[in-house]
Each structure stands twice: as structure tokens, then as C-alpha cells.
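Have a look at the structure below, then the notes.
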Amino acid sequence: MHKGKVYIVGAGPGNPKLITVYGRECIEKADVIIYDRLISRELLAYAKEGTEFVYCGKEPKKHGNIQQQIHEWLVQYALQGKTVVRLKGGDPFMFGRGGEEAEHLRAHGIPYEIVPGVTAGVAAPAYAGIPVTHRNYAGGVTFIAGHQSGESDHIRWDALSQATDTIVFYMGMANIAYICEQLQRHGKDGHTPVAVIEWATTNKQRTVIGTLQTIVDIVNEKQLSSPAIIVVGDVVRLHDQLKWVEETW
């Protein structure tokens, strides 16, 4: 039996122009595209006529058994000899469960490729005029899955608070108060700048700036919600002078 091939493709952070050249080529040749909730639908327009589209979007806190279903679809379509694109927001290996999907394909003998994408943890700050590293402000950056923080989390808050200059939280909006509380409790100065960037790289982007002490109230006042990236660190101070999006959109 001829097996197809699966391309696990990073679609980028939201702006369809930020797809890689190779990512677009994969979309163009796909027989089946299994796509996530937050990808730009404009990317689907690159598909050839007759391509089958399978939506597998996960709503916050409503993931259910969809990941197992995705695994089954990937194998099912590949065993039919089809070229399959698993189109994922951002980068497939940055909190995207692409590693789990690749493991499942390997276990079933399905050929696959990983096509990296622009990740929101870098792109969102960039579109807000915030470099995650800078010679004068930050020599390192740490990326954290914020939705895993909570009373039963496994984050080493003491190490995180002290060991890195810039901290970028993905999927942390539901826990932003807890995140700010823990960072301060474990030694981070309450005046440390914080940025929250909603719908980054799209025409719905909004950025608010505060500190660990104030950002929760600001977010609530402005009614920001997911999807959003939270950036903690002195690099946030550069927003006012480098906020190129606000000056061009």
C-alpha cells in the first residue's frame, strides 16, 4: 500500500503574510489540510481545487479528546496515500503539540516533515516594538506555557523569577493574576514592566503596558482576552519608542 506523507506546518502568529515560503508550498500541494482555530483562513485560499479541509480547533478549556482524533485523522488520510498538511498556529514545536503528532506518525510508520513557523512568543513582542533580547536590557529569554500555571502547577517560580531577564507567557490570560502574584512572591520586583499583546500581528492587535503590580487591573479595564502573549521584563520599556505597528496601521 502506498502511504502518503504528512507535513506538520507552522502557520505563523496570525498575519497570513508571515507564513514561510515552504509552508505555503506545502499548502499548495496538499490533498487534505487539518487546521487549527487561530490560523488565518486566508492561508486556505492557497490550496488547490479539491483539497479537503478538516477543522480541528480547540476552544480554551474545551479540548476534550480532539488531540486523539487529530492523531487518527493524520494516520487515516496518510494511509489513503494522500498528502496531508497539519496546519498549526505559530510554530508546531513551540507549545503546539507537534512533537506528539510526530511521535504518533513515527509509531505508525507514516513519513512526515516538520515545517517550522514564526512563533508568537517572538512575533507578538516584535509587533509591539519589544525585542525579547537586547544588549542593554536582556541577555536571555524564557518561554512558559501560562495555561499550566495554577495551584497544581510545576513551574519553578523561584528559579524563573531570578534566572532570566525576559519571560514570555503563552496562553496565560486566564491565570495572569496568579502569574504576577507568583513572580512577585518569588523575588521579582513589583515594578517590573509587563506587556500584554492581544491578537498579535493582525489588524485586531492591541497592546497594553503596566507592571507586575498594575497589569491585571489594566487588562481588566481594557477588557483584553485570549489569544494574547504576556511579556515580563525590562525590554518592555522599549515599547514606547519602538512601537512601529501603532505608527503604521
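The values are calculated or read from the model by the stated rules, or taken from the named source; none is laboratory data. Because the structure is a prediction, the values reported are computed rather than measured. Counting neighbours? That spans all protein chains shown, and the Cβs are built from the backbone with ideal geometry, glycine included. Note: accessible area is taken over every heavy atom of the protein model, side chains too, but ligands, DNA and RNA are not part of it. Shrake-Rupley method; radii C 1.70, N 1.55, O 1.52, S 1.80 Å.
If you run the Gaussian network model on the chain, springs between alpha carbon atoms under 10 Å, then out of Asp36, Asp158, Asp91 the most flexible one is Asp158. To check you understand DSSP bridge types, tell me what percent of the beta bridges within segment 138-247 (both residues inside) are antiparallel, rounded to 5. Antiparallel bridges make up about 75 percent of those DSSP assigns within segment 138-247. Listed cross-link partners Lys82/Lys204; Lys17/Lys243; Lys5/Lys243 are compared with a 30 Å cut-off, the Cα-Cα value being larger for Lys82/Lys204; Lys5/Lys243.
Report the relative contact order of segment 5-115, percent, no decimals, based on alpha-carbon pairs under 8 angstrom and at least 6 residues apart. For segment 5-115, the relative contact order is 43 percent.
Treating only the Cα positions of the chain as identical point scatterers, give the base-10 log of I(q)/I(0) from the Debye formula at each q in 0.12 Å⁻¹. The Debye formula, applied to the Cα set alone, gives -0.72. Take every Cα pair under 8 Å whose residues are at least 6 apart in sequence, average their separation, divide by the length of the chain, and the relative contact order is 21 percent. Excluding ligands, DNA and RNA, the accessible surface per residue across the chain is 50 Å² with a 1.4 Å probe.
Note the direction-averaged projected area, equal to a quarter of the hull surface, for the Cα convex hull of segment 42-156, in nm². Could the numbers behind the result be given before it?
Values: hull surface 41.8 nm².
Spelled out: convex hull of the Cα atoms, projected over all directions, averaged, 10.4 nm².
Relative to the Cα centre, the charge distribution of the chain, modelled as +1 at Lys and Arg Cβ and -1 at Asp and Glu Cβ, gives a dipole magnitude of about 440 debye. Extension gain for Thr202 to Arg156 (0.36 nm times residue separation, less C-alpha to C-alpha distance): 13.3 nm. Applying the Kirkwood pairwise sum to the alpha-carbon positions of segment 196-249 produces a hydrodynamic radius of 11.8 angstrom. Using a Förster distance of 41 Å, how high is the FRET efficiency between Glu221 and Gln68, based on the Cβ-Cβ distance and rounded to 0.05? Working from the Cβ atoms, E equals 0.55.
Of the solvent-accessible surface of the chain, computed with a 1.4 Å probe over protein heavy atoms with every protein chain present, carbon and sulfur atoms account for 49 percent. Running Debye on segment 120-242 with equal point scatterers at the Cα sites and no solvent, what base-10 log of I(q)/I(0) appears at q = 0.14, 0.18, 0.23 Å⁻¹? The computed values of log10 I(q)/I(0) come out as -0.50, -0.87, -1.50.
The Lys3 and Glu52 beta-carbon pair, evaluated with R₀ = 25 Å, returns a calculated FRET efficiency of approximately 0.90.
With +1 on the Cβ of every Lys and Arg and -1 on the Cβ of every Asp and Glu, and nothing else charged, how large is the dipole of segment 5-115 about its Cα centre, in debye rounded to the nearest 20? Mind dumping the intermediate values first?
Details: 15 positive and 14 negative charges, 43 e Å.
Dipole about the Cα centre, nearest 20: 200 debye.
Each Lys and Arg Cβ is given +1 and each Asp and Glu Cβ -1; about its Cα centre, segment 88-218 then shows a dipole of about 260 debye.
A straight Cα-to-Cα reach below 20 Å connects Lys188 with the aspartates and glutamates Glu151, Asp153, Asp158, Asp165, Asp217, Asp234, residues fewer than 8 places away in its own chain not being considered.
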